[in-house]
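Okay, so here's the structure we're looking at.
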Amino acid sequence: MVKLVDTPDLGSGGVSCESSSLSACTILRFAECRINHNKKRKFMNVTELKSEGLKKEYKVVVPAKDMESKVDAKLNQVSKNVKLPGFRPGKAPKEMLKQKYKASVMGEVLDELVRDATEEVIKSKELRPAMMPNVKITSFADGKDVEFEMSVELLPEIKFGDLSKISLEKLMAEVPAEEVDKAINYLAQSRRNTKKVEEDRATVKGDTVVIDFVGSVDGIEFKGGKGAAYPLELGSGSFIPGFEDQLIGKKSGDKVDVKVTFPENYHAKDLAGKDAVFVTEIKEIRETEPVKVDDEFAKSIGENSLDELKSKIADRIKVDYEAASRMKLKRQLLDILDKEYSFDVPAGLVDAEYKGIVAQYEQAKKMNQLDESEKAKSEEDLLADYKNIAVRRVKLGLLLSEIGKDAKISIEADDVNKAIMNEARRYPGQEKAVFDYYLKNKDAVEALKAPIFEEKIIDHIISKAKVAEKIISVEDLYNFDEENAKPAKKASSKKSAKSEEKAEEKTAKKSTKKSA
């Protein structure tokens, strides 16, 4: 789903103003930007053709004798290994070597010559290129000077102010006792047992029915629409809307033609919005046995007592709250930096960033994963929004890079190891596979460094800034839809309570899974 603001799901891959993957890559790219300037061109002639903002163009002339000396050196190197009829390696006449190999050698030498000359221009002019320079060879012939034009886009000069003058408000929420109770109840429900209903009665909401089913659209079965002996809890909402309701009031042995319509945003695009029929047979009805929540229940899941279980779940919820709090604090900081600083950004970087965002949008559109707010906008308006996001990302990326450089922030081996450990924790039971993946995949390890670097810079700025803490509701803590989350008005208290309940429920379920 493509988003224009931060969301709690960092792994969603959405388009956000504070996406940790793309802006962080920008930061890391320029923090690590290095050019080898060991070689010097003493006789190279450089003329500035154009200078507009961050863009510069130069004409470069390299003397023919430089080209010739490099060609001779390359031919001497070739002669040591090449075999020509009638001559031992290294003994072939130079003229014969030139006749046979000079054309191919000149192309290779030209590449090296232009690359070295380009680097020397960057060094001598003290340029800070944002991207690789664009080079166009305008004159090249045997015995003639080599002439080429290079255009380069520069990084802006960025001067940031006193970070201690930044004022931030850290929004936090307290963990209500009822939320801990909800989490424990979810945990208890997940561990309930069912027993077969022996009496001849109809199904009711809360029963689990064991069913066989075959789905079809327009009389044709579709892939993934068939199941056997499948346990389905009626009222759980785990099947397509309307499916479970049609099985309430039925008996064991009944066959029901369940008629449903796939949602418009269904993940399988070929089924989205289509009417379907599931021929369903109820093989068995099972009812749930209640679970008593007490010390024995806590011991069954590895805790010493119910109080200890409650304490552990409360700690888990606090971690989730802290993650949401951190995200809001980070967005607040980036908003302040974006508003406070104004400077030109390289158009080439913005274009590259924009193309990445659009590709992400096109993929979401293809998979039918756009949210309602995006569907309500014209593509022209969406693309304009994405262009603004690209500019913001590049701008903040360059600013953070400068701050990180000034603070001498670097990525240590321990930082990477901790990031890998955190990734492994996301896949309980598959930790070894995660470790093996990073052990064998250097690119994956490199991909971890960008967000690590960004977060270290953010931590550095926050440590210098004035931070005041403020307690807010769970609803407001998880409200990432508005640029500035505001407390709900009294007139909408019912809606507010409902939203807060949903936020608490989501956190409770998440914490329950972690505890389990």
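The values are calculated or read from the model by the stated rules, or taken from the named source; none is laboratory data. Predicted model only: the values in this text are computed from it and were never measured. Positions of Cβ are backbone-derived with ideal geometry, glycine not excepted, and every protein chain shown enters the neighbour counts. What goes into the accessible areas is simple: the full protein's heavy atoms, side chains included, and nothing from ligands, DNA or RNA. Shrake-Rupley method; radii C 1.70, N 1.55, O 1.52, S 1.80 Å.
Work through the residues other than residue 295 whose Cβ is under 12 Å from its Cβ and net out their charges, Lys, Arg +1 and Asp, Glu -1.
On the way: positive: 292, 299, 310; negative: 294, 296, 303, 307, 308.
Local net charge: -2.
Pull up the cross-link candidates among the aspartates and glutamates for residue 205, meaning alpha carbon to alpha carbon under 17 Å and not fewer than 8 places away within one chain. List returned: 233, 244, 245, 254, 284, 287, 289.
If a paramagnetic tag sat 7 Å from the Cα of residue 384 along the Cα-Cβ line, which residues of the range 345-359 would have the backbone N under 20 Å from that point? Taking a point 7 Å out along Cα→Cβ of residue 384, the residues of the range 345-359 whose backbone N falls under 20 Å are 351, 354-355, 357-359.
Based on the Cα atoms of the range 291-403, what semi-axes does the equivalent ellipsoid have, where each is the square root of 5 times one gyration tensor eigenvalue, given in whole Å with the largest first? Intermediate values should be presented prior to the final figure.
Details: eigenvalues 388, 96, 26 Å².
The answer is 44, 22, 11 Å, longest axis first.
Extending 7 Å from Cα along the Cβ direction at residue 132 and again at residue 162 yields two label points whose distance is 4.5 nm.
Working note: Debye formula, equal point scatterers on the alpha-carbon atoms of the range 344-456, no solvent; log10 I(q)/I(0) at q = 0.11, 0.17 Å⁻¹ is -0.57, -1.02. Subtracting the Cα-Cα distance of residue 283 and residue 442 from 0.36 nm times their residue separation leaves 52.1 nm of extension gain. Model label points for residue 274 and residue 368, set 7 angstrom from Cα along the Cα-to-Cβ axis, are 0.9 nm apart. Looking at the range 349-430, the trypsin sites (Lys or Arg not before Pro) that sit in a DSSP loop and have at most 12 other Cβ atoms within 10 Å of their own Cβ are 408, 426.
Going through the cross-link list 355/442; 182/318; 292/312; 50/405; 65/125; 405/456, which pairs have a Cα-Cα distance over 21 Å in this structure? Please report the intermediate quantities before stating the final value.
Numbers: 355/442 26 Å; 182/318 15 Å; 292/312 19 Å; 50/405 30 Å; 65/125 24 Å; 405/456 12 Å.
Cα-Cα > 21 Å for 355/442; 50/405; 65/125; rest within.
Annotation: amide H of residue 131 within the under-5 Å range of 153, sequence separation 5 or more or interchain, hydrogens built in the peptide plane.
Please work out the FRET efficiency for the pair residue 306 and residue 423, using the Cβ-Cβ distance as r and a Förster radius of 35 Å; give the result to the nearest 0.05. Efficiency for this residue pair is about 0.60.
For the range 263-323, the set of trypsin sites (Lys or Arg not before Pro) satisfying both a DSSP loop assignment and a count of at most 10 other C-beta atoms within 10 Å is given as 292.
Give, in nm to one decimal, the length gained when the segment between residue 291 and residue 463 is fully stretched (0.36 nm per residue of separation minus the Cα-Cα distance).
Extending this stretch completely gives an extra 57.2 nm.
Residue 327 sits with roughly 20 Å² accessible to a 1.4 Å probe, with DNA, RNA and ligands left out of the calculation. Taking GluC sites (Glu not before Pro) across the range 355-450, the ones in a DSSP loop with at most 11 further Cβ atoms lying within 10 angstrom of their Cβ are 412. In plain terms, the chain from residue 470 to residue 352 could stretch by 38.6 nm, reckoned as 0.36 nm per residue minus the Cα-Cα distance.
I'd like the FRET efficiency for residue 103 and residue 48, computed as 1/(1 + (r/R0)^6) with the beta carbon distance as r and R0 of 25 Å, rounded to 0.05.
On the way: r = 33 Å, r/R0 = 1.34.
The pair residue 103/residue 48 has a calculated efficiency of 0.15.
For the range 182-236, the share of alpha carbon pairs falling in successive 10 Å distance bins from zero is 18, 37, 29, 14, 1 percent.
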